[in-house]
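S.K.: Below are the structure tokens for one structure; questions will follow.
The values are calculated or read from the model by the stated rules, or taken from the named source; none is laboratory data. In this text, all values refer to a predicted model and were calculated from it rather than measured experimentally. Reconstructed Cβ throughout: ideal geometry from the backbone, glycine too, with neighbour counts over all protein chains shown. SASA here: full protein model, heavy atoms, side chains in, ligands and nucleic acids out. Shrake-Rupley method; radii C 1.70, N 1.55, O 1.52, S 1.80 Å.
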Amino acid sequence: MKLSRPVSWFLLAFGVWSWVIWITFVKNLVKDGSGLAFDDAGDPTGYFWVHLLLAVVSFVLGTVVGGIGLRGVRALRRTS
């Protein structure tokens with residue numbers, strides 16, 4: 001399968017964007033002071049674990065999608 005240049009760059013940008021957004025989210029989740037992520041004893045709540053799982057899945061998907069985009073960009077540069 002051959003990806004076009006715009007699609008390859010979009011996938012690569014999406015992968016990078018996903019990492020930037022979710023790293024910021026995880027940092028904010030860990031520093032949460034509203035009581036959603038941690039209970040009064042300082043233990044993680046269900047909210048924390050669900051959102052951490054979402055972040056991990058997004059890191060994996062962002063890496064896979066970005067990797068596909070990177071391979072597409074590299075392949076286009078080799079043929080140019």
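S.K.: Can you tell me the dipole magnitude for the chain around its Cα centre, using point charges on the Cβ only (Lys, Arg +1; Asp, Glu -1), in Debye to the nearest 20?
M.R.: Details: 8 positive and 4 negative charges, 211 e Å.
Dipole about the Cα centre, nearest 20: 1020 debye.
S.K.: Out of 19, 58, 68, whose Cα points farthest toward the positive end of the dipole of the chain (charges: +1 Lys, Arg; -1 Asp, Glu; placed on Cβ)?
M.R.: The residue sitting farthest along the positive end of the dipole is 68.
S.K.: Could I ask something else about it? Could you list the trypsin sites (Lys or Arg not before Pro) in the range 1-79 that lie in coil according to DSSP, counting only those with at most 16 other Cβ atoms within 10 Å of their Cβ?
M.R.: On the way: sites: 2, 27, 31, 71, 74, 77, 78; in loops: 2, 31.
Answer in residue order: 2, 31.
S.K.: Just checking my list (1) 3, 16, 28, 27, 17, 7, 2, 0; (2) 3, 16, 20, 15, 12, 10, 8, 6, 5, 3, 2, 0; (3) 2, 10, 6, 7, 6, 6, 7, 7, 7, 6, 5, 5, 4, 4, 4, 4, 2, 3, 2, 1, 1, 0 against P(r) over Cα pairs in 5 Å bins from 0, in percent computed from this structure; which label fits?
M.R.: Among (1) 3, 16, 28, 27, 17, 7, 2, 0; (2) 3, 16, 20, 15, 12, 10, 8, 6, 5, 3, 2, 0; (3) 2, 10, 6, 7, 6, 6, 7, 7, 7, 6, 5, 5, 4, 4, 4, 4, 2, 3, 2, 1, 1, 0, the one derived from this structure is (2).
S.K.: Separate question: Quick one: how many Å² of residue 79 are accessible to a 1.4 Å probe, rounded to 10?
M.R.: Surface accessible to solvent at residue 79 totals approximately 100 Å².
S.K.: Hey, can you grab everything whose amide H is under 5 Å from the amide H of residue 38? Only 5+ residues off in sequence or another chain; H modelled, so Pro and N-termini drop out.
M.R.: The answer is 45.
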